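The values are calculated or read from the model by the stated rules, or taken from the named source; none is laboratory data. What you see is a predicted model; the values in this text were computed from it and never measured. Here the Cβ positions follow ideal geometry from the backbone for every residue, glycine too, while neighbour counts run over all protein chains shown. Note: areas computed on protein heavy atoms with side chains; ligands, DNA, RNA excluded. Shrake-Rupley method; radii C 1.70, N 1.55, O 1.52, S 1.80 Å.
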Amino acid sequence: MSRVDSATNTSNTSHSSISVRERVGYAMGEVGVSFVWVVLTAFITFFYTDIVGISALIVGNILAAARILDGFVDLGIGALVDKTKSGKGKGRPWLIWMCIPFAILSFLVFTVPDLSPTGVIVYATVTYVLVNIAYSTVFIPYNVMNTTIVQDPYQRSILTIFRIFFSMTVSVIITSEFINIVNYFGGDQSSWIKVMAVCCILCPIFIFFSYKGTTERVRPSVVHKEIPFKRAFKGLLRNKFWFIMLAVQFIVAFIVSISNAINLYFAQYVFGDVTIMSAIAISSLLPIVIGMLMVGPVIKRFGNRNTALSGILIQFVGTIIMAIDPYSLIFLITGLVIKGLGTAPIMATLPSMMGDTVEYGEWKTGMRTEGLVFSAASVGNKLGAGLGAAAIGWILGFAGYIGGKEEQTLQAIFAIKSLMIYIPMGLTVILGILLMMFTVEKKRPLIIAELEQLRNQT
């Protein structure tokens, strides 16, 4: 290991248990984000194609361009987070600074004015780009807090379980009822605006609860000087396990993005009944909530990577069941429930595994840069989510999908089924291969021991 500029202060945080109150407080941050981000991921494609009237191909281009651009903006945000010096920590100040701008921009996305077709496209592009940047200024610091609140990997996973449990509960409600509520108010754009106004008011309130309810404890023990971005980035490129997690983040985000966004199309055009959207949403998301209640002991017994691998296998079985008869509601619901149960272990372990790459990077290069690690990982997340959302627009567009049309072509129907079932099925196989290569957990006791020894020496 090269000379270390900073070692992690672990004396009080490596094995300490975080209180239930703080776990809930941390979870409230993602709950606040979920009030608007679930809508922006699950329904934005449908809103643009069927409510605003933008063609599917153009929507695909908007979503891809915005996410790709913002993905690289994330590197700058991560560098700023690493430079944040505050008694409140690295991440918490950003929550209070950016929660209101994020909520306002989320609201503006849905207030598309009555402009020319070109004007509508420009407005949609600008507001969507800006809301993605605002999201990064909240969510990157929030993810960093997973490594600065506590260092023990099991405790990190418990933090993640709490945040996912509460946020997925909100996601179930929003995904299953949002369209019903919008339709109750008339189903037009003004109805979308009214419902989003409520979501955007709740968003900063819950993020503020997270700010007040958490404490960042893990900091470098010795800091000789601020680490230049260029040097920190070169160090990141030496972290092989970070590259694996980058690819995993990309694929998971891609799967989640297309799965969330295609549900409404699947209900309306494959089953011809938009009302089953609630059943699809509940079958997809409620098992994740239930799974979060059971996954903690599994992580403690088998570790993060092996738990995630078990989730991938369960997900694959779920997609196989859905593929048996895509037109059967029984097979669809059964497959979605099983797939959801498999998603819980993956979501519960990803942030902690990313945290493991922070310690590995510090041990390997002598630099602890949580902000850069998580922001660079966010690039993969944003690219995956952006290309996933864009893939829906592109694939539907090339398949001849026409927004608002009651009956679609056979090619369009097959495209919807592929996005719902066959593409996620193939991607789970790739995820399994990548996670088999993520062996850093075996090295972690040695890594932490050496960092602790160095801290004591300094």
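To keep it simple, each residue is scored yes or no on (1) under 24 Å from Asn143 (Cα atoms); (2) assigned to a loop (DSSP other than H, G, I, E, B); (3) without any contact (Cβ under 8 Å) to a residue 12 or more places away in the chain.
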site: Ala389; (1), (2), (3): yes, no, no
site: Ile395; (1), (2), (3): no, no, no
site: Gly400; (1), (2), (3): no, yes, no
site: Lys417; (1), (2), (3): no, no, no
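Going through (1) within 20 Å of Ile423 (Cβ to Cβ); (2) over 19 Å from the mean Cα position of the chain (by Cα); (3) of a type in the set (Ser, Thr, Tyr) one by one, Ser278 falls short only on (1). Quick one: would you say Ile164 is in contact (Cβ under 8 Å) with a residue 40 or more places away in the chain, part of a helix (DSSP H, G or I), buried (at least 23 other Cβ atoms within 10 Å of the Cβ) and in contact with a Ser or Thr (Cβ under 7 Å, 6 or more places away or on another chain)? Spelling it out, it is not the case that Ile164 is in contact (Cβ under 8 Å) with a residue 40 or more places away in the chain, part of a helix (DSSP H, G or I), buried (at least 23 other Cβ atoms within 10 Å of the Cβ) and in contact with a Ser or Thr (Cβ under 7 Å, 6 or more places away or on another chain).
Would you confirm whether or not the range 192-208 contains a residue that is touching a helix residue (DSSP H, G or I) at 6+ places or on another chain (Cβ under 6 Å) and small (Gly, Ala, Ser)? No, because not a single residue in the range 192-208 is touching a helix residue (DSSP H, G or I) at 6+ places or on another chain (Cβ under 6 Å) and small (Gly, Ala, Ser).
Of the residues that sit in the range 118-160 and are free of Cβ contacts under 8 Å to residues at least 12 places away in the same chain and not aliphatic (A, V, I, L, M), which one is nearest to Lys300 (Cα to Cα)?
Tyr123
Taken together, Val144, Val109, Val170 contain a single residue that is within 16 Å of the chain's Cα centre (by Cα) and within 18 Å of Leu202 (Cβ to Cβ), which is Val170.
Taken as a whole, the structure leaves Thr125 outside the set of residues that are surrounded by fewer than 24 Cβ atoms within 10 Å (Cβ to Cβ), in a loop (DSSP other than H, G, I, E, B), polar (S, T, N, Q) and at pLDDT 95 or above.
Restrict the check to the range 314-333 and report whether at least one residue is closer than 18 Å to Ala42 by Cβ and crowded, with 23+ Cβ neighbours inside 10 Å. Yes; the residues of the range 314-333 include at least one that is closer than 18 Å to Ala42 by Cβ and crowded, with 23+ Cβ neighbours inside 10 Å.
Of the residues examined, Phe35 is not one that is closer than 18 Å to Gly388 by Cβ, within 20 Å of the chain's Cα centre (by Cα) and open to solvent by 10 Å² or more (accessible area, probe 1.4 Å). Could you identify the single residue in Gly235, Gly311, Gly296 that is at pLDDT 90 or above and in a helix (DSSP H, G or I)? The unique qualifying residue is Gly311. Residues in the range 71-94 that are touching a residue at least 40 places away in the same chain (Cβ under 8 Å), over 18 Å from Phe233 (Cα atoms) and open to solvent by 50 Å² or more (accessible area, probe 1.4 Å): Lys88 alone. Of the residues making up the range 183-205, those that are open to solvent by 50 Å² or more (accessible area, probe 1.4 Å) and closer than 22 Å to Pro93 by Cα are Ile201, Leu202, Ile205.
The set of residues in the range 95-122 being surrounded by 14 or more Cβ atoms within 10 Å (Cβ to Cβ) and not in a helix (DSSP H, G or I) consists of Phe110, Thr111, Val112.
Let's see how each residue does on (1) within 25 Å of the chain's Cα centre (by Cα); (2) at pLDDT below 75; (3) closer than 24 Å to Asn61 by Cβ:
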{"position": "Leu396", "(1), (2), (3)": "yes, no, yes"}
{"position": "Thr409", "(1), (2), (3)": "no, no, yes"}
{"position": "Phe414", "(1), (2), (3)": "no, no, yes"}
{"position": "Leu419", "(1), (2), (3)": "yes, no, yes"}
{"position": "Ile423", "(1), (2), (3)": "yes, no, yes"}
{"position": "Leu431", "(1), (2), (3)": "yes, no, no"}
{"position": "Ala449", "(1), (2), (3)": "no, yes, no"}
{"position": "Glu452", "(1), (2), (3)": "no, yes, no"}
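For the range 237-275, filtering for residues that are open to solvent by 20 Å² or more (accessible area, probe 1.4 Å), within 15 Å of Phe178 (Cα to Cα) and of a type in the set (A, V, I, L, M, F, W, C) leaves 1.
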